[in-house]
Amino acid sequence: METGNIPRVGTPADEMLMALSKEREDDLDWRGGKAFSLVYNTDDPELEALQHEIAAMFLHENALNPFRYRTLLRMEAETLDMARGLFGAGAAALSSGGSESIFLAVQTARDSARARGVLAPELLCATTAHPAFAKACKYLDVKQILLPVRGDGRADPAAIANSMGPSTALLVASAPCYPFGVIDPVEEIAALAADNDVLCHVDACLGGYLLPFWEKLGEPVPPWDFRVEGVTSLSADIHKYGYCFKGVSTILYRDRDLYKRQIFMYDSWPGGLYASASAAGTRPGSPIAAAWATLTHLGEAGYMRLARRVLEATRGFRVGIESIDGLRVSYPPDMSVFEFSADPDSPRVVDIDAVGDRMDERGWNLDRQQGGLHVMVSPGHDKVIDLFVEDLSSAVADQGTAGGKAHTYGDVVQD
Ligand SMILES: Cc1ncc(COP(=O)(O)O)c(C=O)c1O
């Protein structure tokens, strides 16, 4: 029998580990503070050590049948309880990440619309909504209607109102959107949804586990969660500003009836009743256990401490960037995520892609957006603000020309 490319004789563990340690030396070093967005670095060795221990402890467990793993079941239930309390939700489930949470919200909205006779359900969102909505619409056969944003980078309720019709199933608001870090006018969008008896999803994948503490620090945060009438579902990622490692998000609903639409039950096979509350079947134990451990270990005091660091670091980055002639923050953000770009009002001409290249050469990893460079501040960035501003200033001074790197986000698809 052919075994394809699987090696005929296995590699000894010590040999493999040594080779991998060497290979990884050139991978992105997030602990040093020069990486943005892919890892949310708390710079907290105790939390990191705890997460490693917990991951190893639950590594082989499978939450497919949670009744076999009672500890996981309890951890998941308590995590969901904490999430419901934080956002004022009536029901919740864990998922593997923001994209899966968004898929589930779109599926729930599609099926709610179908149940009231809508044959070709539509989703309305701003162009700043995360691509996971486009992906969900493609997979779930929902028509996505993309609408331009206002001058402040936020979704435009007037454009949404004009595009609503009998097939509208779901309105989307981001809190905040990834590209600019601004929170859409959730109150107005949710009111449009409620007035027209359709659903409204708030994508708080980024903001969910930061904004409640941001608000407690006294920062102005416009209403965005279930306190807003008309918000029917919400996604919030524990693996972003919840500071857990990857593989865990929460999808929440205002009431259990809506949530029930995402529950899948099946017994038309010989294997017994199959029931699941999210898209996955087999579910790895480690992310569930680590989500619980992270929330429980940090507690409100820990999240406040980290939010304060993020807030102060964000201020430092913004002040530093805006002190450099020729640069501006594209849209004043509501949080710790923003884009900076060439200032069109400045006499100094800046090629922002060239600046990105010069920053790369200095070891920084800033994602290139269509209009500028993207910054996502983690607590661990507070130690590199001065270095960043110094490097950025010299990158602008000797910007040269851009090497033509693409504006990319996320996976580059491999064959
Ligand atoms: C606002 C927003 N929504 C959704 C997602 C998708 O989350 P994930 O990459 O965990 O699937 C992201 C990811 O950055 C995001 O920023």
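The values are calculated or read from the model by the stated rules, or taken from the named source; none is laboratory data. Keep in mind that what you see is a predicted model, and the values were worked out from it rather than measured. Heads up, the Cβs are rebuilt from the backbone with ideal geometry, glycines too, and the neighbour counts pull from every protein chain shown.
The residues of region 365-414 that are buried (at least 16 other Cβ atoms within 10 Å of the Cβ), over 20 Å from Gly181 (Cα atoms) and among the polar types (S, T, N, Q) amount to a single one, Gln399. Sort out which residues of region 56-88 are in a helix (DSSP H, G or I), surrounded by fewer than 19 Cβ atoms within 10 Å (Cβ to Cβ) and polar (S, T, N, Q), and write them in order of number. Thr71 - this is the single residue of region 56-88 that is in a helix (DSSP H, G or I), surrounded by fewer than 19 Cβ atoms within 10 Å (Cβ to Cβ) and polar (S, T, N, Q). Remark: pairs (first residue in region 326-343, of a type in the set (Asp, Glu); second residue assigned to a strand (DSSP E or B) and modelled with pLDDT of 95 or more; Cβ separation under 7 Å; 6+ apart in sequence or on different chains) = Glu339/Leu373; Glu339/His374; Asp343/Leu327; Asp343/Arg328.
Here is a check on your reading of the model: is Val384 modelled with pLDDT of 95 or more and touching a helix residue (DSSP H, G or I) at 6+ places or on another chain (Cβ under 8 Å)? Answer is no for this residue. Looking at region 191-226, which of the residues that are of a type in the set (D, E, K, R) and buried (at least 21 other Cβ atoms within 10 Å of the Cβ) is farthest from Asp255 (Cα to Cα)? Within region 191-226, the match that is farthest from Asp255 (Cα to Cα) is Asp203.
A single member of Ala293, Ala275, Ala307, Ala301 is at pLDDT below 95 and away from the ligand (no atom under 16 Å from the Cβ), and it is Ala275. Total residues in region 255-271 satisfying the condition of being surrounded by fewer than 21 Cβ atoms within 10 Å (Cβ to Cβ), part of a loop (DSSP other than H, G, I, E, B) and either within 11 Å of the ligand (Cβ to nearest atom) or not small (Gly, Ala, Ser) (or both): the figure is 6. Looking at region 181-190, is at least one residue surrounded by fewer than 23 Cβ atoms within 10 Å (Cβ to Cβ) and either in contact (Cβ under 8 Å) with a residue 60 or more places away in the chain or part of a loop (DSSP other than H, G, I, E, B) (or both)? Within region 181-190, one or more residues are surrounded by fewer than 23 Cβ atoms within 10 Å (Cβ to Cβ) and either in contact (Cβ under 8 Å) with a residue 60 or more places away in the chain or part of a loop (DSSP other than H, G, I, E, B) (or both).
Do the conditions hold for Gly316, that is, is it surrounded by fewer than 20 Cβ atoms within 10 Å (Cβ to Cβ), away from the ligand (no atom under 16 Å from the Cβ), modelled with pLDDT of 95 or more and of a type outside the set (Val, Ile, Thr)? So Gly316 passes the test. Looking for something touching a Ser or Thr at 6+ places or on another chain (Cβ under 8 Å), closer than 15 Å to Lys34 by Cα and part of a loop (DSSP other than H, G, I, E, B) - is there at least one such residue anywhere in region 367-382? The answer is yes; a qualifying residue exists. Filtered by the rule that a residue be of a type in the set (S, T, N, Q) and free of Cβ contacts under 8 Å to residues at least 40 places away in the same chain, region 242-275 gives a lone residue, Ser268.
As a summary of the residue check, Tyr40 satisfies the conditions (1) surrounded by fewer than 18 Cβ atoms within 10 Å (Cβ to Cβ); (2) in contact (Cβ under 8 Å) with a residue 60 or more places away in the chain except for the one numbered (1).
Determine, yes or no, whether Val231 is surrounded by 24 or more Cβ atoms within 10 Å (Cβ to Cβ) and touching a Pro at 6+ places or on another chain (Cβ under 8 Å). No, not satisfied. Report whether or not Tyr209 is part of a loop (DSSP other than H, G, I, E, B), away from the ligand (no atom under 12 Å from the Cβ), modelled with pLDDT of 95 or more and within 24 Å of the chain's Cα centre (by Cα). The answer is yes for Tyr209.
Quick grid of which residues meet (1) outside any loop (DSSP other than H, G, I, E, B); (2) touching a Phe, Trp or Tyr at 6+ places or on another chain (Cβ under 6 Å); (3) surrounded by fewer than 17 Cβ atoms within 10 Å (Cβ to Cβ); (4) aliphatic (A, V, I, L, M):
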residue: Leu94; (1), (2), (3), (4): yes, no, no, yes
residue: Ala105; (1), (2), (3), (4): yes, no, no, yes
residue: Lys138; (1), (2), (3), (4): yes, no, yes, no
residue: Gln144; (1), (2), (3), (4): yes, no, no, no
residue: Gly151; (1), (2), (3), (4): no, no, yes, no
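Out of Pro157, Pro166, one residue alone is over 28 Å from Ala280 (Cβ atoms), surrounded by 17 or more Cβ atoms within 10 Å (Cβ to Cβ) and away from the ligand (no atom under 14 Å from the Cβ). It is Pro157. Can you say whether Ser346 is surrounded by fewer than 20 Cβ atoms within 10 Å (Cβ to Cβ), over 21 Å from the mean Cα position of the chain (by Cα) and under 30 Å from Ala155 (Cβ atoms), as far as the supplied structure shows? The answer is yes for Ser346. Of all residues in region 108-128, at least one satisfies being touching a Lys or Arg at 6+ places or on another chain (Cβ under 8 Å), modelled with pLDDT of 95 or more, farther than 25 Å from Tyr178 by Cα and of a type in the set (Asp, Glu). Exactly one residue out of Leu146, Leu199, Leu140 is in contact with a Cys (Cβ under 9 Å, 6 or more places away or on another chain) and either at pLDDT 95 or above or more than 26 Å from Leu38 (Cα to Cα) (or both): that is Leu146. Here Ala194 meets the list (1) without any contact (Cβ under 8 Å) to a residue 40 or more places away in the chain; (2) assigned to a strand (DSSP E or B) almost entirely, failing just condition (2).
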